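A quick write-up on the structure given underneath.
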Amino acid sequence: MKKRILALICASVMALSLTACGNSSKAPEAEDSAAAPETEEPKEKESTEKEETITIGVSFGQNVHPFFVAMQMGIEAACKDYGIENVNILAADSSLETQVSQIENLVTMGCDVILLNPYDSDGVVNAVNSALEAGVGVFTMDIDCEGSTAYVASDNVKVGKLLGEWIVEQLGGEGKIAIIDGISVTSLKDRTDGFMSAIEGSNIEIVAEQQTAVERDDALASAETILQAHPDIDAFVGVNENSGMAILSAVTAAGLEDVLMTCVDATAETMAAIRDGKVDVGVSQDPYQMGYTAVEQAIAWANGENVEAFVEVPVDYMNQDNIQEVIEREQSYGVEVE
């Protein structure tokens, strides 16, 4: 295991400040797959022996999305299975300044590893580099940033390609579409890149694009404005839950029919919308597995093992044919679907 003088100096601080898995000081309250393959059950540790003790810090960029609740559950389950007792789980409340302070504090407190879900990929780089210089491993989850030790996530380019391929197939390669995406975080940018590559060469015309997918209110305002200018679109693409649900609200309020809609993430809202036939298709991620896998990778790194720069968690379509299977999987993670 990598040893650091800082961790020894701060041991007494950690004894007071770090909490056991499942008793985090501040945690997300509740996010962000036509036939999806069977999902693997979370891997469980075969040996009952505890790993050499390490300390893990966690910082979520947001704390109000059910996607991150499932991710936190995966982290907590892995910590329990692997005997990791010292972990501090924080959430930045959608504040870059808060998250930067959290990263700095977790380093000062002596964490061996930080599991990071960046709120702003560019904005956290300096804090991440400082952590790395202090000998702390930084494992990004769902959203990456420059310099991370490893990145555990879905292949977000693939997520975008799946959406684009579905749109091309449904529209027969031609039609007018709009898209709400985002470039401030790597995952959304990658999805947009994947989507654009999938529709390249078709006769599909993008009549409007707004990069407001991060916040629901912004996405809704954009969707309403787009529909006022282009009520004749054939499809409206959302690249995450916020954009997908905002599009659904705007299309419903406008009384439009026959507009194909997409979303991403198996959250309670998106799953219910697909189950009830309100949204046509989505792409399902598995945030529980992201969290669980991130802990496994962190343990391996802390014990001197080599880790891959990118660790992929599988994704696939979700539609009415398989949505009940996806709902049951998410319910096993504690997601409630009305």
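If the condition is being among the basic types (Lys, Arg) and buried (at least 18 other Cβ atoms within 10 Å of the Cβ), then region 159-181 contributes only 161. Considering region 210-325, the qualifying helices (runs of 4 or more DSSP H), each wholly inside and each with 2 or more residues that are farther than 26 Å from residue 70 by Cβ, run over 216-229, 241-254. Whether a residue is modelled with pLDDT of 95 or more and among the basic types (Lys, Arg) was assessed, and residue 80 passes this test. Selection over region 146-190 of residues that are within 17 Å of the chain's Cα centre (by Cα), assigned to a loop (DSSP other than H, G, I, E, B) and closer than 20 Å to residue 289 by Cα gives a count of 3. Taking the stated definitions as given, is residue 234 over 27 Å from residue 329 (Cβ atoms), acidic (Asp, Glu), over 23 Å from the mean Cα position of the chain (by Cα) and surrounded by fewer than 24 Cβ atoms within 10 Å (Cβ to Cβ)? So residue 234 fits the description; yes. Scanning region 269-300 for residues that are under 25 Å from residue 78 (Cα atoms), of a type in the set (D, E, K, R) and surrounded by fewer than 24 Cβ atoms within 10 Å (Cβ to Cβ) turns up just one, 296.
The values are calculated or read from the model by the stated rules, or taken from the named source; none is laboratory data. These figures come from a predicted structure and were not determined experimentally. Heads up, the Cβs are rebuilt from the backbone with ideal geometry, glycines too, and the neighbour counts pull from every protein chain shown.
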